[in-house]
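Have a look at the structure below, then the notes.
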Amino acid sequence: MWIAFLRDFNGVTMLVEDADWFWQVQFFYDAAGAHGFGVFWDGHWAAEAWPTVWKEAHHSIAFLEFFSLVVALSIWGQTLANRNVVFNVDNQTAVNLVNCQKAKDEKVLRLLRLFLLTCLKFSIMFKTRYVPGVNIDIADALARLLWRRFRGLAPGADVQKTPVPGALWEMGM
């Protein structure tokens, strides 16, 4: 992992205070095991149903939640360069996974490596915060593929979803 990072390192580092006002970007993400996932920030969004082979593989909810986050960074990582991001999710395991940066499951560990490399590459400072499910309605509607509900909750959101890079789906195979 470090070799991959050092190969692309631009030499820029950020030293900051940990103050609440400093966290500039609020991301919301969610996964619904029987349906799919959704990510939302500042009117931008992505959502997809789980592929059939993933449903048959019975991935843990921790994997599915974290996959949602990795999708968000893969799509918008460059846009988030040199920024401070709070990832809001309604799953305490997902919060611990990101904040502690440890995983035992090999598939989750692969996602964690990709997440960390992306954050390092784009100098993204991050933290994850637990938000009760009732306060993460937009991401929940996306994860459950409830389009009418999503549009009612976020009428100013982008008209079209942001496509998910196809290579990411291989992470769950």
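Listed values, structure above:
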| item | result |
| --- | --- |
| Condition broken by Val95, with the remaining ones in (1) at pLDDT 90 or above; (2) of a type in the set (Val, Ile, Thr); (3) assigned to a helix (DSSP H, G or I); (4) open to solvent by 20 Å² or more (accessible area, probe 1.4 Å) satisfied | (4) |
| Selection status of Asn82, in contact (Cβ under 8 Å) with a residue 40 or more places away in the chain, touching a Ser or Thr at 6+ places or on another chain (Cβ under 9 Å) and in a strand (DSSP E or B) | no |
| Subset of region 133-173 [without any contact (Cβ under 8 Å) to a residue 60 or more places away in the chain, surrounded by fewer than 17 Cβ atoms within 10 Å (Cβ to Cβ) and over 18 Å from the mean Cα position of the chain (by Cα)] | Val134, Trp147, Arg148, Arg149, Arg151, Gly152, Leu153, Pro155, Val159, Gln160 |
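The values are calculated or read from the model by the stated rules, or taken from the named source; none is laboratory data. All of these numbers come straight from a predicted model, not from anything done at the bench. Reconstructed Cβ throughout: ideal geometry from the backbone, glycine too, with neighbour counts over all protein chains shown. Surface areas here come from the heavy atoms of the whole protein model, side chains and all, with no ligands, DNA or RNA. Shrake-Rupley method; radii C 1.70, N 1.55, O 1.52, S 1.80 Å.
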